[in-house]
1. Mind listing whichever residues of the range 37-50 are over 15 Å from Gln5 (Cβ atoms) and not polar (S, T, N, Q)?
2. Inside the range 14-36, can you point out the residues that are small (Gly, Ala, Ser), loosely packed, with under 11 Cβ neighbours inside 10 Å and over 17 Å from Met1 (Cβ atoms)?
3. Restricting attention to the range 69-96, which residues are surrounded by 14 or more Cβ atoms within 10 Å (Cβ to Cβ) and within 21 Å of the chain's Cα centre (by Cα)?
Amino acid sequence: MFTYQKRIKAVQLLIQYDMSYATVIRELGYPSKGALINWYKEYIKNGDLHEDYIRKSKYSEEERQKAVAYYLEHGKCISRTVRILGYPSRPELDAWIKELAPDEKKYCRSGGDLVKPKRTIRSWTC
């Protein structure tokens with residue numbers, strides 16, 4: 001993602017360079033031609049570019065609360081909750097739990113080594 005300043009600079013250079021996409025991209029080192037076209041279209045349509053990109057959540061607040069409640073009531077197992085409900089992904093559910101019930105988060109950790117020790121090769125000499 002590019003900051004607002006970088007995007008507006010690219011659009012202004014595009015206008016200054018008489019719509020020469022290649023010259024703008026060569027000079028700035030970014031963006032792709034497709035991104036520059038989209039930024040220009042947005043600039044022409046709205047007179048400016050959007051400041052920040054705010055993505056609307058795919059899941060409602062009710063669905064989030066339902067998933068966290070299921071996790072808490074059924075053994076605090078993220079994988080099982082995702083499998084039974086069919087949504088969301090494990091990392092996303094983990095983030096919801098940390099947000100909605102931070103004291104209830106169960107952390108699993110086995111005591112073993114994470115990396116196996118390297119095997120040594122013995123050389124046989126006669």
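1. Passing the criteria: Ile37, Tyr40, Lys41, Glu42, Ile44, Lys45, Gly47.
2. The answer is Ala22, and nothing else.
3. Ile78, Val82, Tyr87, Pro88, Glu92, Leu93, Asp94, Trp96
Read-outs throughout are calculated quantities, based only on the coordinates presented, and are distinct from any laboratory measurement. Quick caveat: nothing in here was measured; it's all calculated off a predicted structure. Positions of Cβ are generated from backbone atoms using ideal geometry, with glycine treated the same way; all protein chains shown enter the neighbour counts.
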